[in-house]
Amino acid sequence: MPSSLLKRTSTYLFFMGLLFITLGMPLDTWWTVSVFVLALMIGALAKSHINLKKGLLALVVCGVTFGLKTLLPLSYIEEGANVFVPTEPIFKELPQSIYDHSNKTLKRLYPQLHISPDHQLYAFSVEQFHQKSNLSRKRKTVNFTSLHEARFGFMNKLNYNTSPSMTPKREHLPFFVRYELPQNLAYHKETKICWKGDIFIKNEAGIYTKWSAPQTQCVSTVDEKIKTFYGVSVDPEVPLSLSIEAPFSQRIWIIIEMLLSLFGVLLITNIFYPFKAFIQQLKEEKETRFKGMVLLSSIVFSFIVAFFYRPHFMSGFLLFEGGNDALSYASKARVVLEALFVGDWRTALMGGEAVFDLMPLHRYTYALNLFLFGETHFGYFMLILFAPLSIYYLTKHLFESARWAFALAMIFAVVPAFETFGFTQLYMVRLGLRGFAEPLSYIAFFTAIALGLPYLKQSFLSTSHTRPFLVGLCLAIAVGARPNVAPGAGIFLLCVSYGLFRHLKLKYFLQQVALLCFGFLPILLIPLHNYIFGDVFVLFTVAGQKVENLAVSLQDYGAVLKGLIESNIQQEALKKITSHLLTEIKPTQPWFYLVLLLNFYGLLSKKLSTMGKTIALTGLSQLSIVFFYNIGGRYGYLHWSLLLLTALLVLKNLFAKKGPV
């Protein structure tokens, strides 16, 4: 008998938590993230064999692994860095030679600056949550040749929001970095500093002097008696590359730490999802193989797209574009974390805006990404890797066929055949790497549909407390990340409620609807936030209520309606409406009209299942925002994907030999 959804979900979350502790937060290296993804993939596919005894054993393994790693004699290098802005008085605390060099070079290159300081000598790093530092953070190794490899997350702040026409360009932000080596590294004969560009080392008189290296140069910390030194990168023509070559013993201890983490993860994964049983499951169950192929294909394809679309992502870090929404999300996420670090809960909860203008939820989810994965984009990218799995479950219920689900999920994952509808992992990855909120919203929405569709089946009589709660919660996440999906979310909630009403007794119906609403309840935190911090009632964001953001207003429709009644049509308003609609759904793209026609046909057809009609209604209600807003590009991927699926289902019905799908 299959385990309950509550047990599977709680087991998976418990498993995930143990992985975080065993691997060690933050998960900010490719090897830890790769191991983490592989373990999560096994957990998503395999059947859990966990019980109380095995759960305690997994806790012991996690605790022992964590304890052994804390005993390792690893040495940590203190790093303090920031963007150099000469108007900030606190930067005068830098050694005089470093300040003078940076200031003089900056004024020569940029007579007019478009950046502002953050009023700290050394910028805050999110890694402080896991290991406190007297500067910005502590590092076991140092090796970078670019801003991306340095992972200076503090540069993703609105203080440094410069467009291509402004100076300095974001990829050339001027910065300084200070390193303090512990004695056992500084006085070890094997420790070397290798660099290209400008660094400052203290001479015998106690003054920091500039050491310039047009080509990579190395010095021994023992020979030069270096314990503290600075690196400076102001001139784009003299970029800084820097590495600290640690002794062999330090490198060995780092490898031992990695092996302990890997061994711990293998043991814990085997306790939860025994490898032998999983291999047997793969052999015996076709659906497990289907899902495994979908996930594996998604991972391979997503990595290929990511590295071609954003080559710098190989470093794990993304320096977001100036003037981009992603920079605003990242900046506000840092506001949240900096406030949490000092215990300022009010500022953290406010999230950088008294009244939300940007998408409300994404700043908080990105803050969670930074907390768990350090100064990287790994967390959001990992979520996107699993997007095709939600498509698989959605289409499996909708088409009631594992083969159709496999085919459509694979098309979504690796074959951008329906790119024009946004039904492709290609766009999920690209939008995610640009830091937009759409992937989060759409994955949550697809997951809600996958969980909610079974309620529309006559044979589905579950009274689980977990499923309706998760449906509501996923829709709340979807709307919180992109409030413009609220129309579709509202219709889907109504359809699920209708399915519950049809198939359950009144007592269970009320219970399930209450849980559905309870899951969706967190959405009220958005207007509550706006009222508490902004002293104004705004349902979601002020952006959605600004008249200038409306392509067509209610007044335009009112003018046309009044003209029709009075037989005096307002040509200007009518032209504005028709021009907008034809721009959004172009006559030169007839496939959109075909999909719409098939959806309307399906709604009137007796052959289309209740699930199919629900998806059609959800997609059409989401499309309704076209009457007021621009829905091109990423804003339209959700409703066009849903309408496409319904159209395919209608076509399948039309060519079916008998009966409904």
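The values are calculated or read from the model by the stated rules, or taken from the named source; none is laboratory data. This one's a predicted model, so the numbers in the text were calculated from it and none came from an experiment. Here Cβ is always computed from backbone atoms with ideal geometry, including for glycine, and neighbour counts include all displayed protein chains. The protein model used for the area step is the full one, side chains on, heavy atoms only, and it has no ligands, DNA or RNA in it. Shrake-Rupley method; radii C 1.70, N 1.55, O 1.52, S 1.80 Å.
Of note:
- Shape category assigned to segment 506-572 from the gyration tensor of Cα positions, a/c cut at 1.5: oblate
- Here's the picture: a label point sits 7 Å out from the Cα of Q96 along the beta-carbon direction, and within segment 220-238 nothing has its amide nitrogen under 11 Å of it.
- Long-range Cα-Cα pairs in segment 1-50 (distance over 12 Å), rounded percent: 65 percent
- Using alpha-carbon coordinates, inclination of helix 387-399 to the longest axis of the chain, degrees: 10 degrees
- Distance-filtered residues of segment 53-96 - backbone nitrogen under 11 Å, label point 7 angstrom along S249 Cα→Cβ: 73-75
- Applying 0.36 nm per residue to the separation of A354 and T141 and subtracting their alpha-carbon distance, the gain on full extension is 72.7 nm.
- Ellipsoid fit via the Cα gyration tensor, segment 1-92: semi-axes of 39, 18, 11 Å, each the root of five times an eigenvalue, largest first.
- The fraction of accessible area contributed by carbon and sulfur in segment 98-173 is 48 percent, rounded to a whole number (1.4 Å probe; ligands and nucleic acids excluded).
- Violating pairs (Cα-Cα greater than 31 angstrom) within the set K286/K613; K107/K192; K157/K586; K92/K157; K157/K575: K107/K192; K157/K586; K157/K575
- Principal axis dimensions, largest first and in whole angstrom, of segment 288-425 by Cα: 52, 32, 28
- Here, segment 464-591 yields an orientationally averaged convex hull projection of 12.5 nm² when only Cα atoms define the hull.
- Unit charges on C-beta of K, R, D, E only; dipole of the chain, Debye: 2420 debye
- Cysteines having no other Cys beta carbon under 4.7 Å from their own, within the chain: C62, C474, C495, C517
- Dipole orientation for the chain: of the candidates G636, L608, F371, L608 has the Cα lying most toward the positive pole (charges on Cβ; Lys, Arg +1; Asp, Glu -1).
- Binning the C-alpha pair distances of segment 507-661 at 5 Å intervals from 0 yields a P(r) profile of 2, 8, 11, 12, 13, 15, 15, 11, 7, 4, 1, 0, 0 %, listed from the shortest bin outward.
- Distance distribution P(r), segment 204-282, all Cα-Cα pairs, bin width 5 angstrom from 0: 3, 10, 13, 13, 10, 9, 8, 7, 6, 7, 7, 4, 2, 1, 0 percent.
- Shape of the chain, Cα gyration tensor, a/c cut at 1.5: oblate
- Here the convex hull built on the C-alpha positions of segment 149-242 has a volume of 116 cubic angstrom per residue.
- With R₀ fixed at 41 Å, the C-beta to C-beta distance from Q555 to K586 puts the FRET efficiency at about 0.95.
- Cross-linked pairs K132/K196; K576/K607; K138/K276: Cα-Cα separations exceed 32 Å for K576/K607; K138/K276.
- Calculated FRET efficiency, L52 to E572, Cβ-Cβ distance, R0 = 60 Å: about 0.25 to the nearest 0.05.
- Protein accessible area in segment 226-269, 1.4 Å probe - carbon and sulfur %: 73 percent
- Couplings 3J(HN,Hα) of segment 299-312, computed from phi: 5, 5, 5, 5, 5, 4, 4, 4, 6, 7, 7, 9, x, 5 Hz, in residue order, whole Hz [Karplus 6.51 cos²θ - 1.76 cosθ + 1.60, θ = phi - 60°; x for Gly and Pro].
- Area of H529 that stays accessible when all protein chains are in place (1.4 Å probe, Å², to 10): 10 Å²
- Rounded D (µm²/s) - segment 330-388, Kirkwood Rh over Cα pairs, Stokes-Einstein at 37 °C, 0.692 mPa s: 276 µm²/s
- Linear extension gain, R289 paired with H465, 0.36 nm per residue minus alpha-carbon span: 60.4 nm
- Approximate spin-label separation F303-L13, in nm, with each point projected 7 Å along Cα-to-Cβ: 3.0 nm
- Computed with a 1.4 Å probe over protein heavy atoms only, the accessible surface of the chain comes to 45 Å² per residue.
- A quarter of the convex hull surface defined by the alpha-carbon atoms of segment 177-218 gives 3.4 nm² as the mean projection.
- Radius of gyration, Dmax [segment 369-516; alpha carbons; angstrom]: 16.4, 51
- Inter-part distance where segment 266-330 and segment 21-70 are each reduced to a Cα centre, Å: 16 Å
- Residues S609, S302, sorted by accessible area with the largest first, give S609, S302 [1.4 Å probe; ligands and nucleic acids excluded].
- Ligands, DNA and RNA left out, the 1.4 Å accessible surface of segment 353-458 is 67% carbon and sulfur atoms.
- Mean residue ellipticity, 222 nm, helices only, the chain: the sum of -39500 (n - 2.57) across DSSP H runs of n ≥ 4, divided by residue count and rounded to 500, is -17500 deg cm²/dmol.
- Difference of contour (0.36 nm per residue) and Cα-Cα distance, N134 to L603: 162.4 nm
- Normalised by the number of residues in the chain, the mean separation of alpha-carbon contacts (under 8 Å, six or more apart) gives a relative contact order of 12 percent.
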